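Enquirer: Could you have a look at this structure, given as structure tokens, before my questions?
The values are calculated or read from the model by the stated rules, or taken from the named source; none is laboratory data. This is a predicted model, so every value here is computed, not measured. Positions of Cβ are backbone-derived with ideal geometry, glycine not excepted, and every protein chain shown enters the neighbour counts.
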Amino acid sequence: MKIISGHEKGFTLVEVLVALAILGSITGVMAMTVSQTITGSGRSNDQATVLNQIQNAGYWIVRDAQMSQNDKVGAFEDHPHKVVSFKWWDWSDGTKKLRRADYTLEDNKLIRTFRRHEGKEEESPNIKTETVVAMYIEQAGSTYDGKLLTVSITARFGEASLTKEYQVKPRETGMGNPWE
């Protein structure tokens, strides 16, 4: 039989409480860090999504504006669905053919309608292609002062919202006005 002498080794109540307090603090800091990482990651993803959509819309609009071979583009300042329209002559196969790209905003999607006319006139047979170039677009509009086209695009996804303006000068070639 062993006699207990009072000099037993173990933890006192104070030591256990201090250890629990330290463990609780570390757990709280870790929980806050994980929470902020998850929340911040979601916000970052939302921001990246709207930025990507606006950049894609801007790419296509600027591309078509630069293809446009005259100093006139169709800008629709106060029309709820039409954003901008372009026409140009295509000589890639050696014959003069009309091309047209129209941008409309429908159900928060920016839609590019491209028409390849098989002749010089808009009434000539055409091949029509519709492409969604950007989603989550809340608002889009354009103005044209005869020299500079300005397109404003606003996208919203989740908690993120972004507005960007693109300015581009359509090409001038003196090859005739496709709008006439």
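Enquirer: Being at pLDDT 90 or above and either under 29 Å from R43 (Cβ atoms) or of a type in the set (F, W, Y) (or both) is the filter here; which residues of segment 142-157 pass it?
Expert: Hits for segment 142-157 are V151, S152, I153, T154, A155, R156, F157.
Enquirer: Mind listing whichever residues of segment 89-140 are of a type in the set (G, A, S), over 12 Å from A57 (Cα atoms) and part of a strand (DSSP E or B)?
Expert: A101
Enquirer: Condition check: at pLDDT 85 or above and in contact with a Pro (Cβ under 8 Å, 6 or more places away or on another chain). Does L162 satisfy that?
Expert: For L162, the condition - at pLDDT 85 or above and in contact with a Pro (Cβ under 8 Å, 6 or more places away or on another chain) - is not met.
Enquirer: I'd like to check something: does segment 43-64 contain any residue that is in a helix (DSSP H, G or I), more than 30 Å from Q139 (Cβ to Cβ), at pLDDT below 90 and of a type in the set (S, T, Y)?
Expert: No, because not a single residue in segment 43-64 is in a helix (DSSP H, G or I), more than 30 Å from Q139 (Cβ to Cβ), at pLDDT below 90 and of a type in the set (S, T, Y).
Enquirer: Further question on the same structure: Would you point out the residue of segment 132-153, among those that are touching a residue at least 60 places away in the same chain (Cβ under 8 Å) and of a type in the set (S, T, Y), that is farthest from N52 (Cα to Cα)? Let's see the steps before the verdict.
Expert: Our first condition is that a residue be touching a residue at least 60 places away in the same chain (Cβ under 8 Å); within segment 132-153, this holds for 133-137, 140-144, 146-147, 149, 151, 153.
This time we only want the ones that are of a type in the set (S, T, Y), so: 136, 142-144.
Details: Y136: 11, S142: 20, T143: 23, Y144: 25 Å.
Ranking the candidates gives Y144 first.
Enquirer: Residues in segment 122-168 that are in contact with a strand residue (DSSP E or B) (Cβ under 7 Å, 6 or more places away or on another chain) and among the charged types (D, E, K, R): how many?
Expert: Of the residues in that region, 7 qualify.
Enquirer: Which ones in segment 141-161 are surrounded by fewer than 16 Cβ atoms within 10 Å (Cβ to Cβ), in a strand (DSSP E or B) and among the small types (G, A, S)? Full working, then the answer.
Expert: Taking segment 141-161 and keeping what is surrounded by fewer than 16 Cβ atoms within 10 Å (Cβ to Cβ), we get 143, 145-148, 150, 152, 158-159, 161.
Keeping just the survivors that are in a strand (DSSP E or B) gives 143, 150, 152, 161.
Result: S152, S161.
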